[in-house]
Amino acid sequence: MIHPLIADIQTQLDDIASRSLTRRHRSADSPCAPRQVVDGRHMLAFCSNDYLGLAAHPRVVEALREGASLYGAGSGAAHLVSGHSRAHAQLEERLAAFEAPHLEAARALYFCTGYMANLAVLTALGGDPDATIFSEALNHASLIDGARLARANVAVYPHGDVAALERLLVESRAKTKIVVTDCVFSMDGIVAPLPQLLALCERHGAWLVVDDAHGFGVLGENGRGSLEHYNLRSPQLVYVGTLGKAAGVGGAFVAAHEAVIELLVQRARPYIYTTAAPPAIAHALLASQDIIEGAEGRGLRARLQARIAQLDRELRLTRWQRPVSRTGIQPIIIGGNDEALAASSTLHEQGLWVPAIRPPTVPPGTARLRVTLSAAHTDEDVAQLTAALNALESTLERNQA
């Protein structure tokens, strides 16, 4: 007889399955790249966040190998014990200098993951019960969890609604105000209205915490991300950049005024109480940063924009919706969970790896194919995808008629 605790869990799993929300692993047998071997099968992938194609770049791979030979496989301890290597320090100095045009007295701090970085920022800045965090409705789960873990009050403002945020700020009597938003929203590729948000924060004495997971390395002439894209500069900005997407390796960083970073060092539990990432990762990221900052990086960003423009030209959708995005995130909103799963499954049968994204990751009724483009994709790759999508929409529409 099944144990009652296990039976309760099975009931929850059955409910997830009944709503077509079950998630499944696929195991890649080759490096992250447009052409991958997945579960033993050759696939053309449009699902990674490797926007510049650096995850398997020879210079980055060699730097990782070199970093392991210099520093070993692991760090051995938390940063504040003995785990902070010269590679970590060099990476932080490099990233601070890179984002310095947009921040006053810039300093940077490296974290194992973007999730940890967001938890650290919000729990440290929002550690006072007299603080209020004003959170965008479509923020990433890490920002939502960070706000929940902070001692601050939390007010959620509607997606992209600057006027609603202004009303909340006007009414607030909080000692510390923290506005937090994704920069590039990961499920639709839309860029937040940062200039208007920063203007509000400067008017009302609030911090603006921006999570630029999908903008760093991609947006801006030099790849500095959303702050460069909008040409913003303020001491009230706290910038979180992810290094496992366009940078191709792993981890994240927070860049802000040196006082903010020192507060994180002293107060942020996700930084203080965890083992530092392997120094070899930081060493590899220095090579990624060389590419992002240099002529090759500019070429890769231009190549990515060319692939986006090609998708614009070649897609001929009549029923499915595609939000306008100039980022590597190119979603195709289908609506129902079953249809999105069927579309993804049909593409998979054709050797195209395009995941279906369903609630709760996106709002109910907006299940979608999340297409992500990379500078490593070729014209032929994108042409194969667009032809398949155009044919698939027509086929499913006829079947449902």
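The values are calculated or read from the model by the stated rules, or taken from the named source; none is laboratory data. Worth saying up front: this structure is predicted, and the values here are computed from it rather than measured. Using ideal geometry, Cβ is built from the backbone for each residue, glycine included, and neighbour counts are taken over all protein chains shown.
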Any chance the range 37-59 includes a residue that's outside the structural domain of ILE281 (by TED's automatic domain parsing) and β-branched (Val, Ile, Thr)? yes
Kindly list, by first and then second residue, each pair from a residue in the range 227-241 that is outside the structural domain of ALA252 (by TED's automatic domain parsing) to a residue that is crowded, with 21+ Cβ neighbours inside 10 Å and assigned to a loop (DSSP other than H, G, I, E, B), limited to pairs with Cβ atoms under 8 Å and residues at least 6 apart or on different chains. none
Selected residue (criterion: surrounded by the fewest Cβ atoms within 10 Å (Cβ to Cβ)) from residues of the range 36-60 that are of a type in the set (D, E, K, R) and touching a residue at least 60 places away in the same chain (Cβ under 8 Å): ARG41
Filter result for the condition that a residue is more than 30 Å from ALA55 (Cα to Cα) and modelled with pLDDT of 95 or more, over ALA155, ALA192: ALA155
In the range 8-26, is there at least one residue being at pLDDT 95 or above and in contact with a strand residue (DSSP E or B) (Cβ under 7 Å, 6 or more places away or on another chain)? no
Those residues that are within 19 Å of the chain's Cα centre (by Cα) and within 20 Å of GLY72 (Cβ to Cβ), I need them from the range 278-300; list them, please. ILE281, ALA282, LEU285
For ARG316, are the conditions met, namely being of a type outside the set (A, V, I, L, M, F, W, C), outside the structural domain of VAL191 (by TED's automatic domain parsing) and touching a helix residue (DSSP H, G or I) at 6+ places or on another chain (Cβ under 8 Å)? yes
THR181 in contact (Cβ under 8 Å) with a residue 40 or more places away in the chain and either within 29 Å of SER48 (Cα to Cα) or in contact with a Phe, Trp or Tyr (Cβ under 7 Å, 6 or more places away or on another chain) (or both): yes
Say we look at the range 184-220 and pick out the residues that are small (Gly, Ala, Ser) and in contact with a Gly (Cβ under 8 Å, 6 or more places away or on another chain); which of these is farthest from GLU99 (Cα to Cα)? GLY189
Within the range 190-204, restricting attention to residues that are assigned to a loop (DSSP other than H, G, I, E, B) and surrounded by fewer than 23 Cβ atoms within 10 Å (Cβ to Cβ), which residue is farthest from the chain's Cα centre (by Cα)? PRO193
Before we move on, is ALA164 over 18 Å from TRP207 (Cα atoms) and modelled with pLDDT of 95 or more? no
Got a number for residues in the range 71-82 being assigned to a helix (DSSP H, G or I) and more than 14 Å from HIS283 (Cα to Cα)? 4
Going by what's in this entry, would ALA343 be described as under 23 Å from the mean Cα position of the chain (by Cα), of a type in the set (Gly, Ala, Ser) and closer than 20 Å to SER186 by Cβ? no
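Listed here are the residues, each with its yes/no results for (1) of a type in the set (Asp, Glu); (2) within 30 Å of PRO195 (Cβ to Cβ); (3) part of a helix (DSSP H, G or I).
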site: SER20; (1), (2), (3): no, no, no
site: GLN36; (1), (2), (3): no, no, no
site: TYR51; (1), (2), (3): no, yes, no
site: GLU66; (1), (2), (3): yes, no, yes
site: SER69; (1), (2), (3): no, no, yes
site: GLU92; (1), (2), (3): yes, yes, yes
site: LEU95; (1), (2), (3): no, yes, yes
site: GLU99; (1), (2), (3): yes, yes, yes
site: TYR115; (1), (2), (3): no, yes, yes
From the option list LEU125, LEU119, single residue qualifying as surrounded by 19 or more Cβ atoms within 10 Å (Cβ to Cβ), touching a Pro at 6+ places or on another chain (Cβ under 6 Å) and within 16 Å of LEU263 (Cβ to Cβ) is LEU119
Picking from VAL60, VAL38, the residue that is closer than 20 Å to ILE292 by Cα and among the β-branched types (Val, Ile, Thr) would be VAL60
Can you name the residue in the range 117-176 that is of a type in the set (Asp, Glu) and assigned to a helix (DSSP H, G or I) and is also farthest from PHE253 (Cα to Cα) among such residues? GLU171
Tell me, which residue of the range 1-34 that is under 22 Å from the mean Cα position of the chain (by Cα) and of a type in the set (Lys, Arg) is surrounded by the fewest Cβ atoms within 10 Å (Cβ to Cβ)? ARG24
Looking only at the range 219-238, count how many residues are hydrophobic (A, V, I, L, M, F, W, C) and out of contact with any strand residue (DSSP E or B) (no Cβ under 8 Å at 6 or more places or on another chain). 1
Has the range 212-232 got at least one residue that is over 13 Å from the mean Cα position of the chain (by Cα) and among the aromatic types (Phe, Trp, Tyr)? yes
Out of the residues in the range 328-347 meeting the condition of being in contact (Cβ under 8 Å) with a residue 40 or more places away in the chain and more than 13 Å from LEU389 (Cβ to Cβ), tell me which one is surrounded by the fewest Cβ atoms within 10 Å (Cβ to Cβ). ASP338
